[in-house]
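*Asks:* Take a look at this one; I'll ask things after.
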Amino acid sequence: MLNYRNEPEKMPSYDGVEKNYRIKVNANESTLNLPPLVEERVINRLAMLAFNRYPNEEYYSLVEQIAKNFSVDSAQILLGGGSSEIIEKVFHAFGGAGRKIVYPQPSFSMYKIYAKAADAEGIPFDLDEKFNLDVDAFIKKIREVGASLAVVCNPNNPTGNALTPAQIEKIAASIDCAFLLDEAYVEFYGQSAVNLVKKFPNLIVARTFSKAYGMAGARVGYMIAQAEVTRMINKTFMPYHMNVLTLAAADIVYQMRDEFIPRLQMTIAERKRMFERLEKLSGVEVFPSETNFILFRLDKAEELKNYLESLDIGIRYFSPNAFGLKNCLRISIGTRLENDEVFSAIKNFLEEGK
Ligand SMILES: *Cc1c(COP(=O)(O)O)cnc(C)c1O
């Protein structure tokens, strides 16, 4: 028997099962690869890399671009291998034995796992049946338990709804502990709270290239906070944790981010179209979304998931023990053609009682 420490065996695992579906709308990825113009520039850039050197210049080049875009100091930015790594490090920095981390549920299923990994107590705070957050009660809970970290995903995954910037500001202003705001989907919402960072020393905003920028495979995200916060969080990272391939590619993508505007607009328009069509189906409850996905509920959710799977369409089904998500399914927005096909399949399933 190998002598593992005790904790890993007790860790829950992430329940997203991955398979290459013909139509893959289960993981909130961008359905399109990089815009051709951007891809060409990325490939050219990769041809000039110094593979033999540690990636200093490439790291700071991207940091400076991001800092400039948000009019903050470059000392306020840290990069991570996806915002997953950022979130993990923030949990690590504020977690620890006997300490508490509060987050709404249902929300990103990884928060529970990061809390556990950080040896902290994860305290979920229930959203109501419409998945709205009672902001005052949430604040009260955070203060009551003496949390060291509060986390909010805005807009929220997997429910799709969003708090207003004023609500975010209220939370930041009303709690003393660190406040991590996960803005993985904010490009589809348009109302970021990054500008609040200068006002609130407890606020940490995490962003990612994985969703709006179609870079999930490259693993790149970043955080913005006051310089004293980034200085502390930076201590939890290993040196050179970002690789040069990712950094160089993300540097080009960020330079060329305007090229993504048309597809963001397409996704938002398609989301609206899908929402309206799904809403007309009887027996289906659709939840409004400010993201690149839509959550809906129907009695035969598991059967529908299986039916779509038989057509090689992958959508996200939630286990019946996932809080508040009984009979819920989540589909990410694909191309117009993909969305049409997914919708027709759902409609067929309902009409033919499959
Ligand atoms: C996708 C996602 C992330 C980040 O994913 P990365 O690929 O690690 O950047 C973070 N939070 C939420 C809620 C997400 O859905």
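Rule-based calculations on the coordinates, nothing more; no lab input. Worth saying up front: this structure is predicted, and the values here are computed from it rather than measured. Quick reminder, even Gly has a Cβ in these numbers, built from the backbone with ideal geometry, and neighbours come from all protein chains shown.
*Asks:* Asp176 to Ser74: FRET efficiency via 1/(1 + (r/R0)^6), r the Cβ-Cβ distance, R0 30 Å, to the nearest 0.05? List each step's numbers first, then the result.
*Replies:* Details: r = 27 Å, r/R0 = 0.91.
FRET efficiency, Asp176 to Ser74: 0.65.
*Asks:* Further, regarding this structure: With springs connecting C-alpha atoms under 10 Å apart, model the chain as a Gaussian network and identify which of Met11, Met215, Met238 has the largest mean-square fluctuation.
*Replies:* The residue with the greatest mean-square fluctuation here is Met238.
*Asks:* Same structure again: Looking at the square roots a ≥ b ≥ c of the eigenvalues of the Cα gyration tensor of the range 175-266, which shape do they give, rounded for a/c under 1.5, prolate if a/b is larger than b/c, or oblate? Write out the running numbers ahead of the final one.
*Replies:* Numbers: a/c = 2.49, a/b = 1.27, b/c = 1.97.
Verdict is oblate for the range 175-266.
*Asks:* Using a 7 Å offset from the Cα along the Cα-to-Cβ direction at both Ser61 and Glu18, what is the distance between the two label points in nm, to one decimal?
*Replies:* Here the answer is 2.7 nm between the modelled labels.
*Asks:* Something else about it: Can you put Lys19, Lys112 in order of Cβ neighbours within 10 angstrom, beginning with the fewest? Working shown, then result.
*Replies:* Values: Lys19 9, Lys112 17.
Fewest-to-most Cβ neighbours within 10 Å comes out as Lys19, Lys112.
*Asks:* Mean separation of Cα pairs under 8 Å and 6+ residues apart, divided by the residue count of the range 55-154: what relative contact order is that in percent?
*Replies:* On the way: 115 pairs, mean separation 25.6, N = 100.
Dividing the mean separation by the residue count of the range 55-154 yields 26 percent.
*Asks:* Given the DSSP H assignment, sum -39500 (n - 2.57) over each helix run of at least 4 residues in the chain and divide by its residue total; what's the result at 222 nm in deg cm²/dmol, nearest 500? Each step should come with its number before you reach the end.
*Replies:* Numbers: 12 runs with 138 residues, N = 354.
Helices in the chain give a 222 nm mean residue ellipticity of -12000 deg cm²/dmol.
*Asks:* Further question: Does the range 124-283 come out rounded, prolate or oblate by the C-alpha gyration tensor, with a ≥ b ≥ c the root eigenvalues, rounded set by a/c under 1.5 and, if not, prolate when a/b is larger than b/c and oblate if not? Walk me through the numbers on the way to the answer.
*Replies:* On the way: a/c = 2.09, a/b = 1.02, b/c = 2.06.
Here the range 124-283 falls in the oblate category.
*Asks:* In whole angstrom, how long is each semi-axis of the equivalent ellipsoid of the range 11-84, when you take the square root of 5 times every eigenvalue of its Cα gyration tensor and sort them from largest down?
*Replies:* On the way: eigenvalues 164, 81, 46 Å².
The three semi-axes for the range 11-84 are 29, 20, 15 Å.
*Asks:* Taking a label point 7 Å from the Cα of Glu228 along the Cα→Cβ vector, which residues of the range 189-211 have an amide N closer than 17 Å to it?
*Replies:* Zone members listed by number: 197-205.
*Asks:* To continue, here is another question. Please go through the residue pairs Lys89/Lys141; Lys112/Lys170; Lys68/Lys112; Lys141/Lys272; Lys130/Lys198; Lys24/Lys300 and name each one whose alpha carbons sit more than 29 Å apart in this structure. Don't skip to the answer; put the middle values down first.
*Replies:* Numbers: Lys89/Lys141 23 Å; Lys112/Lys170 24 Å; Lys68/Lys112 34 Å; Lys141/Lys272 35 Å; Lys130/Lys198 32 Å; Lys24/Lys300 20 Å.
Exceeds cut-off: Lys68/Lys112; Lys141/Lys272; Lys130/Lys198.
*Asks:* Moving on. Between the range 132-201 and the range 84-113, what is the separation of their alpha carbon centroids in Å?
*Replies:* Cα centroid to Cα centroid, the span is 14 Å.
*Asks:* If I model a spin label as a point 7 Å beyond the Cα along the Cα-Cβ vector, how far apart are those points for Ala216 and Gln191 in nm?
*Replies:* 2.7
*Asks:* Could you compute the FRET efficiency for Glu303 and Leu49, with r as their C-beta to C-beta distance and R0 at 51 Å, rounded to 0.05?
*Replies:* Numbers: r = 49 Å, r/R0 = 0.96.
Between Glu303 and Leu49 the formula returns 0.55.
*Asks:* Based on the alpha-carbon set only, what is the convex hull volume of the chain divided per residue, in Å³?
*Replies:* On the way: hull volume 54.8 nm³, N = 354.
Cα-based convex hull of the chain, divided per residue, equals 155 Å³.
*Asks:* Over the range 103-158, what relative contact order in percent results from Cα pairs under 8 Å that are six or more residues apart? Could you put the intermediate results ahead of the total?
*Replies:* Numbers: 43 pairs, mean separation 26.4, N = 56.
It comes to 47 percent, rounded to a whole number.
*Asks:* Let me ask something additional. List the longest stretch of the chain that has no exposed loop site; here a site is one of the chymotrypsin sites (Phe, Trp or Tyr not before Pro) assigned by DSSP to anything other than H, G, I, E or B, with at most 11 other Cβ within 10 Å.
*Replies:* Numbers: sites that count: Tyr4, Tyr14, Phe51, Tyr240.
The longest uninterrupted stretch comes out as 52-239.
*Asks:* For the residues Cys177, Cys153, Cys328, what sequence is obtained by ranking on other C-beta atoms within 10 Å, fewest first? Show your work: numbers first, answer last.
*Replies:* On the way: Cys177 18, Cys153 25, Cys328 22.
Lowest to highest Cβ neighbour count: Cys177, Cys328, Cys153.
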